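Bear in mind that the values in this text are calculations on the coordinates, not laboratory data. Everything quoted here is computed from the prediction, not taken from an experiment. Cβ placement follows ideal geometry from the backbone for every residue including glycine, while neighbour counts extend to all protein chains displayed.
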Amino acid sequence: MVDRLTRYARVDTQSDRDGDGTTHPSTPGQLELLRLLVDELRSLGLADAALDDQGFVFATLPATVEGPVETIGLLAHVDVSPDAPGAGVEPIVHRDYDGSAIALPRGGTVLDPARMPELLEAVGHDLVTSSGDTLLGADDKAGVAEIMGAVAHLAAHPELPRPRIRVGFTPDEEIGTGSRHFPVARFGARAAYTVDGSTRGELQDETFTAAAATVTVIGRDVHPGFATGKLVNAARLVARILAALPSDRLTPETTSGREGFIHPYELSGTAARATISLIVRDFDDDLLAEHVALLRRTVEEVAATEPRAEVTVEVNAQYPNMRRFVDAYPQVVEAAETAIRAEGIELIRTPIRGGTDGSLISALGLPTPNLFTGGHEYHSVREWASVQDMAAAAATLVRLAETWTTAPFRPV
C-alpha cells in the first residue's frame, strides 16, 4: 500500500474545473497515471487492460469458480481536487504514529489530533501525508492503490474463489464530469463499488443530490474620479448577495448528517463584472429545490436595489442521490456488509456528504455504492491516510470477491 500510494501520489493528476469541457480527461497528468495503471494491470496478467478515448481504464480478472456468477466492478478515480495545490507532491511516511501533533516540513501545516480527532483512531498506524504545501491525493489514489493491491493478491492466488471482476479507473470525478458518459454496457458488470470513502468500515449507499450555481453581476464601470451617479460596482453587489445568504444555517460549517447547504466557494471579478460560484446540496430533492429557490430569491432582492446592473443566476444539476438506484438491487449492499464483517471490521453506515462517481454511474443503471479507503482531511494540505486502514480496505475487496461466489449472491 505504501509503495503504490506514494508512487501514484507523485503524478500530478489535478483536474481542471475551468476547462472548456471538450478534453477528456481535463488534464494530461491524468493520462500519465492512467497509462501507468494499464501497464501495471497487464503485468498482473489482466491482458485486456486498455485506456479508451474518454479516459477510462478497464480490465478483467476472470472468475475462478465454475457455474454462474455475477460480474462485479471495482472503481476509483485518478484525479485529485483542484481545491488545494496538487503539483509536486512529496509523500512522507510517518511510522508507528504516537498520537502527538505532526508538524509537516512545508507550509506551516500541522496535523493536530486536538482539531482532527480521527488521528487518535490511528495511533500505532503508519500514516502517509504530503510535505505540507500540497494535498496528498489519497482522494482517490488510496482507492486506486487498494484496488490494485486486491487485484494483485487475487491474481497471484487463483485458488481463492472470485467472480469475474471488472476493474475501472476513471478521470475527472472531482469536477463532476468524468463519469457522465460511463459505458455501463461495455463495462459489463451487474454491480460495482467505488472505493472512495474515508473511515475504516464505511459503506455508503446514499449521497447528496447536487447542483452547481453561478451568480453573475455585470455593472457599469467608469473612472472612480468621475463615478458619481454613474458607477454600478459589480464587486459590491456580489458582496451584498453573499452577506444576504444565511450564515447561521444552510452552510457546510453549520450543518451535519442529512442537512443540506448552500456553499459559495469562489468569488472573482472586478467592479465591472463579478461572479460567485456555489454548490447546493441536500439529500432530499424537494429541499434542494427550496435551497435553489432561496438563492434565486436572495439574488433577486439584492438586484432589485440596483436596476442598472445585469444580474443572472445559472443552476445546473451535477449528480443525483444514488440511494434511489441502489435500493433496487439490495444484494449489492448486503454483499459489502458481509465482506466488511467477515474481515472483522465494524460496519459504519453513513450517508456521503459529498459525491462519488457512484452517483452518476448508479443513475446510468449500474448500482454502485461506496467503500472506505482509510484517507482523511480530503481536499486540503492536511490530507493523510492510514496504511493499515488501506490494507484493511484491500483485504475487504478480497473478501468481497469471495462473497459474490456464495449464496445468496450467485445467480439462481
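Put simply, the amide H of Y319, placed in the peptide plane, has neighbours under 5 Å in A210, leaving out anything fewer than 5 places away on its chain.
Residues E310, E253, E343, arranged from fewest to most other Cβ atoms within 10 angstrom of their Cβ, appear as E253, E310, E343.
Could you work out how far the C-alpha centroid of the range 222-259 sits from that of the range 352-397, in angstrom? Spelled out, the Cα-based centre of one part sits 34 Å from the other. Within the range 253-354, the trypsin sites (Lys or Arg not before Pro) that combine a DSSP coil assignment with at most 11 other C-beta atoms in a 10 angstrom radius are R308.
Within the range 114-170, the GluC sites (Glu not before Pro) that combine a DSSP coil assignment with at most 13 other C-beta atoms in a 10 angstrom radius are E159.
Amide H contacts of G354 (H built 1.01 Å from N, in plane; Pro and chain starts excluded): F208 sit under 5 Å, all sequence-distant by 5 or more or on other chains. Convex hull volume of the Cα atoms of the chain, normalised per residue: 149 Å³. Normalised by the number of residues in the chain, the average gap of Cα pairs under 8 Å and 6 or more apart makes the relative contact order 23 percent. By DSSP, the beta bridges lying fully in the chain are antiparallel in about 75 percent of cases. Proximity of backbone amide H atoms, modeled 1.01 Å from N, is registered between H77 and T170 at under 5 Å, excluding neighbours fewer than 5 places apart on the same chain.
Here the range 209-318 is treated as a sphere whose radius is the Kirkwood value from Cα pairs; by Stokes-Einstein at 37 °C and 0.692 mPa s it diffuses with a coefficient of 226 µm²/s.
Dividing the helix sum by the residues of the chain, where each DSSP H run of 4 or more adds -39500 (n - 2.57), gives a mean residue ellipticity at 222 nm of -9000 deg cm²/dmol. With neighbour counts taken as other beta-carbon atoms within 10 Å, the residues V93, V38, V222 rank, fewest first, as V93, V222, V38.
The rule of thumb for compact globular proteins, 2.2 N^0.38 Å, goes into the C-alpha radius of gyration of the range 113-194 1.45 times.
For the chain, no complete DSSP H run has alpha carbons reaching 30 Å or more along its own long axis together with a mean Kyte-Doolittle score of -0.5 or higher. Sparse packing (at most 16 other Cβ atoms within 10 Å of the Cβ) combined with a DSSP loop state is found for the following GluC sites (Glu not before Pro) in the range 346-385: E346. Stokes-Einstein, applied to the Kirkwood radius of the range 81-223 over Cα pairs at a viscosity of 0.692 mPa s and 37 °C, places its translational diffusion at 171 µm² s⁻¹.
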